[in-house]
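Throughout, read-outs are computed from the coordinates displayed, never taken from laboratory work. None of the values given here were measured: they were computed from a predicted structure. Heads up, the Cβs are rebuilt from the backbone with ideal geometry, glycines too, and the neighbour counts pull from every protein chain shown.
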């Protein structure tokens, strides 16, 4: 018997689904971070471990890796040659690695034209026109990830330091942030040296909470990212006539602050990214 795996891996963790070749769910599992650009070795270990646990949850032997075919949507797969390196080091009978945005697009809107913005620990904007998929953004934390939790957290830290230095005025948001570090900027700098994207992203909910309270510094950060999100959606091919979803942990939080044309066009996703990966796997392998 043959099996399909769908894997969705990002900076905060990975999720796995195991199905029959007809798409019937047999097992699921979750694992640690799986961004192959920021932590290649750990990502591989986390992916394989989660797949093993999916087999266990389905009461199937790990020996069935030889009969399994996988679509993996992984953050960082559009950078360097990480995808090809990883593909050769996975235990499946066959696999294909895509950007996590591609499986999210497939799950959200199906095989039609349209676009999505996926805003989580990282971010990517994906559009499809005439069957051709285009990624906008997704260049990783150091140089991209507009609208992501990681970037929001980093912007909060930078703004808090600027307020401390007298370049901007403090609000409750920045004062509360500095309080966590006893107003010690040197401590912030030393601590941030070891930060990964998921560490920065932990501060994102605080910014939206402060935004609800009309905090001026929260507004400064959010409105700056909204501009970039809207530009990215247009670049990915947004069209009011086509399918559009804004998803991920921060998607629903950002949506109310976007232009009305985005708000009015946005629809709930049809399915999740794992179901998108399985749909692609069925087309790709069978």
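Using bins of 10 Å that start at zero, the share of Cα-Cα pairs per bin across region 192-286 amounts to 13, 35, 33, 16, 4, 0, in whole %. Between residue 26 and residue 286, the simple spin-label model (points 7 angstrom out along Cα→Cβ) gives 0.9 nm.
With the highest mean first, a sort of the peptides 260-270, 200-210, 95-105 on other beta-carbon atoms found within 10 angstrom per residue produces 95-105, 200-210, 260-270.
With a simple spin-label model that places each label point 7 Å from the Cα along the Cα-to-Cβ direction, the separation between residue 59 and residue 45 comes to 3.2 nm. Considering only DSSP beta bridges whose two residues both sit in the chain, what percent are antiparallel, to the nearest 5? Around 60 percent antiparallel, to the nearest 5.
Candidate values (1) 128; (2) 154; (3) 138 were compared with volume of the Cα convex hull per residue in Å³ computed on the shown model; the agreeing label is (1).
Most mobile of 254, 195, 141 per a Gaussian network model of the chain (Cα springs, under 10 Å)? Comparing 254, 195, 141 in a Gaussian network model of the chain, the most mobile one is 195. Using the average count of surrounding beta-carbon atoms within 10 Å as a protection proxy, the listed peptides 110-118, 220-228, 42-50 rank, highest first, as 110-118, 42-50, 220-228.
The alpha-carbon atoms of region 112-268 define a convex hull whose volume equals 103 cubic angstrom per residue.
With the simple model of a label 7 Å out from the Cα in the direction of the Cβ, residue 223 to residue 194 spans 3.8 nm.
Dividing the helix sum by the residues of the chain, where each DSSP H run of 4 or more adds -39500 (n - 2.57), gives a mean residue ellipticity at 222 nm of -13000 deg cm²/dmol. Between residue 2 and residue 240, the contour length at 0.36 nm per residue exceeds the Cα-Cα span by 81.6 nm. Can you work out the FRET efficiency for the pair residue 267 and residue 142, with r the C-beta to C-beta distance and R0 = 25 Å, to the nearest 0.05? Between residue 267 and residue 142 the formula returns 0.15. Beta bridges assigned by DSSP with both partners in region 112-268 are antiparallel in approximately 70 percent of cases.
Seen against the Cα atoms of the chain and their longest principal axis, helix 40-57 is set at about 50 degrees.
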